[in-house]
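The values are calculated or read from the model by the stated rules, or taken from the named source; none is laboratory data. Remember, it's a predicted structure, so these values are computed and weren't measured experimentally. Positions of Cβ are backbone-derived with ideal geometry, glycine not excepted, and every protein chain shown enters the neighbour counts. Accessible surface areas use protein heavy atoms only, side chains included; no ligands, DNA or RNA. Shrake-Rupley method; radii C 1.70, N 1.55, O 1.52, S 1.80 Å.
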Amino acid sequence: MRVGLIVNPIAGMGGKVALKGTDGVVEEAIRRGARPVSPDLVRLFLRELSHYPGARSIVFLTGPGPLGEDYLRELGFKFEVIPLEVRYREVDGVVIPDTGPEHTKALAREMLDKVSLILFAGGDGTARDIVSVVGKKVPILGIPTGVKMYSGVFAVSPEKAVEVLVKFLRGEARLEEREVRDIDEDSFRRDEVRAKTYWTALVPVVENLVQGSKEAVKADESEELEALAEAVAEEILENDGIYFLGSGSTIKRIKDSLGIEGTLLGVDVVEVKDGRARLLVKDATERDLLRFVDRDPKVVVTVVGGANFLFGRGNQQFSAEVLRRIPRENVLVVATPDKIKGPIRVYTGDREVDDKFRGYLRVRVSSWMERLVKVI
């Protein structure tokens, strides 16, 4: 069986440093202290795959060096390399591959009619590049390594991507058409988080192992959401302390109700004292959060609709290092009922931290009601 593997080696670098993606801003990400994350997650995927019988019989068709070859060679898999020039550059002392969408598209083009499935490591931008070339001629599956992953083409984690691949190779995964989505920039400018559909792709799907697409807030939820935000804001103002307010339109309404100019897609650090909220850090990075983590902060976050993620999608500032030092009871989850479809997920890349949040968590679903939701 021949399987394609395309790695975006700079995907995800913008997450912990409060950038909303990495494409086009990798230099700024490095200046803020970011380091590559995609290579380690690909290694994690391959190590997990190596435990399955028959995995070594897979022949991967991949790109040179950091586009796939390096990791397959390191973990001892069979592979063939598509010839492609890869250059490197140095940014503030960090050497990174000088790669972009043209590399992803060139590899995808060469894989057409040669592989049964294209695995890729990246985010929504990488998915868009691949599907713009292959359409629905070849199934694709994303190993999630990006900052924002609103498309329905990603496994819920690198480890679960292995299970999907194995079931696909055994003929046990069904193929579905799934949306390839990315942030709608026009909606973003209006302070709305809406994911726009660009393409549809053919994806191997196994129940609970492949995420759904990010969903927009329905118009008829607006009044309900406003009441929820106002109620949560009032309760926050009654309790002095430090708050880490997460990303998304639900939390943005809470920020507005607190009277602060917080970010829509970022994490903000707020201090509440004597019934007033003061913005300490706007669009905080992981490093910013670590500065305040010893002050017993409360975390207010929502669930990514469709994908059903609490941590691990679009809010990587809440890293394993940050969440390890925050008690579970200090996390307040706010979401409208329509966003809670089945269990919600946490994936930080650290099993011990993820396990801390597993079980049942209270989710505030209206101005007066909570719901117990399972975290997996």
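From the square roots a ≥ b ≥ c of the eigenvalues of the alpha-carbon gyration tensor of the range 82-203, which class results: rounded (a/c under 1.5), prolate (a/b over b/c), or oblate?
In terms of gyration-tensor shape, oblate.
Among R351, R73, what's the order by accessible area (1.4 angstrom probe), most exposed first? Walk me through the numbers on the way to the answer.
Working: R351 165, R73 140 Å².
The most accessible residue leads, giving R351, R73.
Evaluate the range 19-72: find the radius of gyration of its Cα atoms, find its Kirkwood radius, and give the ratio Rg to Rh. Mind showing how you got there, number by number?
Working: Rg = 14.7 Å, Rh = 13.3 Å.
With Rh from the inverse mean 1/r over Cα pairs, Rg/Rh is 1.11.
Roll a 1.4 Å probe over the protein heavy atoms and report the accessible area of K148 in Å², nearest 10.
For K148, the solvent-accessible surface is approximately 40 Å².
Work out Dmax and Rg for the range 1-123 from the C-alpha atoms and quote the Rg first, both in angstrom.
14.7, 43
Taking the Cα centre of the chain as the origin and placing charges on Cβ (Lys, Arg +1; Asp, Glu -1), which of G68, L141, L49 is farthest toward the positive end of the dipole?
Result: L49, furthest along the dipole toward the positive end.
Applying the Karplus parametrisation 6.51 cos²θ - 1.76 cosθ + 1.60 with θ = phi - 60° to the phi angles of the range 65-82, what ³J(HN,Hα) value in whole Hz is obtained for each residue in order, glycine and proline being reported as x?
Coupling constants for the range 65-82: x, x, 7, x, 4, 4, 6, 5, 5, 4, 9, x, 8, 6, 7, 10, 9, 7 Hz.
For the chain, what does the accessible surface come to per residue with a 1.4 Å probe? Please give it in Å².
Values: 15890 Å² over 376 residues.
Accessible area per residue: 42 Å².
What whole number of Å gives the distance from the Cα centroid of the range 328-351 to the Cα centroid of the range 16-71?
Taking the Cα centre of the range 328-351 as reference, the centre of the range 16-71 is 26 Å away.
Using only Cα atoms, what Kirkwood radius does the range 282-376 have, in angstroms? Don't skip to the end; give the middle numbers.
Working: mean 1/r = 0.0734 Å⁻¹.
After inverting the mean inverse Cα-Cα distance, the result is 13.6 Å.
Longer than 20 Å from Cα to Cα, which of K114/K148; K114/K136; K252/K298; K78/K136; K196/K255; K167/K339 are they? Say none if no pair is. Mind showing how you got there, number by number?
Values: K114/K148 29 Å; K114/K136 14 Å; K252/K298 16 Å; K78/K136 26 Å; K196/K255 25 Å; K167/K339 29 Å.
Result: K114/K148; K78/K136; K196/K255; K167/K339 exceed 20 Å.
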